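Okay, so here's the structure we're looking at.
Nothing in this text is a laboratory measurement; each read-out follows from the coordinates by a stated rule. Since the structure is predicted, the reported quantities are computational estimates derived from the model, not experimental observations. Every residue, glycine as well, gets a Cβ built from its backbone with ideal geometry; the counts of neighbours run over all protein chains shown.
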Amino acid sequence: MDTTLKRLLGYHSWAMDRLFHHIAALPAVPQACLKLSQHVVNAESIWVSRIKGEKPVIGVWEERPFEDCLKLHQRSMELLKAIIEGDQDLECVIDYVTTNGDPFSNSIHDILIHVLNHATYHRAQIATELRLNRIDPVNTDYILYVRS
């Protein structure tokens, strides 16, 4: 069964791949774009760790080489897919601590929606930053994904 979460994860993976290929092909990448891309990937990894009951091992704004960022993203995509397609109850509420040290509890389902929405938000910021630097951004609209 194709659920909305599976569709959104497929879209997210497609959009991030398009963005990463676009960035890799640029002769010069604005630092803000790299920082935001790394932030999205770090956040994916942190949320996966929380869902799995593990302590995150990276910082939300930690910087890393672009190639390492790509590898971390691919690993997070594999784990997110396994979570969504597995037999885990997505309405299960988990307890976690934010990067600021605040305790919270949310369902896995709500966390997954947040992860996917968070990335869309930051891809829009990256597109804006590229335009400000007179670079055409890559189109990552959901409808383009559906059409392809």
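All other residues whose Cβ lies under 13 angstrom from that of Ala24 are scored, Lys and Arg at +1 and Asp and Glu at -1, for a net of -1. R0 = 30 Å: FRET efficiency of Lys6 with Ala124, Cβ-based, nearest 0.05? My answer for the efficiency is 0.85. For Lys35, the aspartates and glutamates whose Cα comes closer than 15 Å to its Cα, not counting residues fewer than 8 places off in the same chain, are Glu44, Glu62, Glu63, Glu67, Asp68, Glu129.
A cut-off under 14 angstrom between Cβ atoms defines the neighbours of Thr128, and their net charge, with Lys, Arg +1 and Asp, Glu -1, is +2. What whole number of Å gives the distance from the Cα centroid of region 1-78 to the Cα centroid of region 84-115? Distance between centres, Cα-based: 18 Å.
To the nearest 0.05, how large is the calculated FRET efficiency for Ser105 and Val60 if R₀ is 22 Å and r is the Cβ-Cβ distance?
Details: r = 19 Å, r/R0 = 0.88.
With a Förster radius of 22 Å, E is 0.70.
For Lys81, the lysines whose Cα comes closer than 22 Å to its Cα, not counting residues fewer than 8 places off in the same chain, are Lys6, Lys52, Lys55, Lys71. Residues Leu19, Leu90, ranked from the fewest to the most other C-beta atoms within 10 Å, line up as Leu90, Leu19. Is the shape of the chain rounded, prolate or oblate, going by the alpha carbon gyration tensor and its root eigenvalues a ≥ b ≥ c, with a/c under 1.5 for rounded and a/b larger than b/c for prolate? Oblate shape, in that a/c is at least 1.5 and b/c is the bigger or equal ratio. Each residue, His114 and Asp95, gets one label point 7 Å from its Cα in the Cβ direction; the gap between the two is 1.6 nm.
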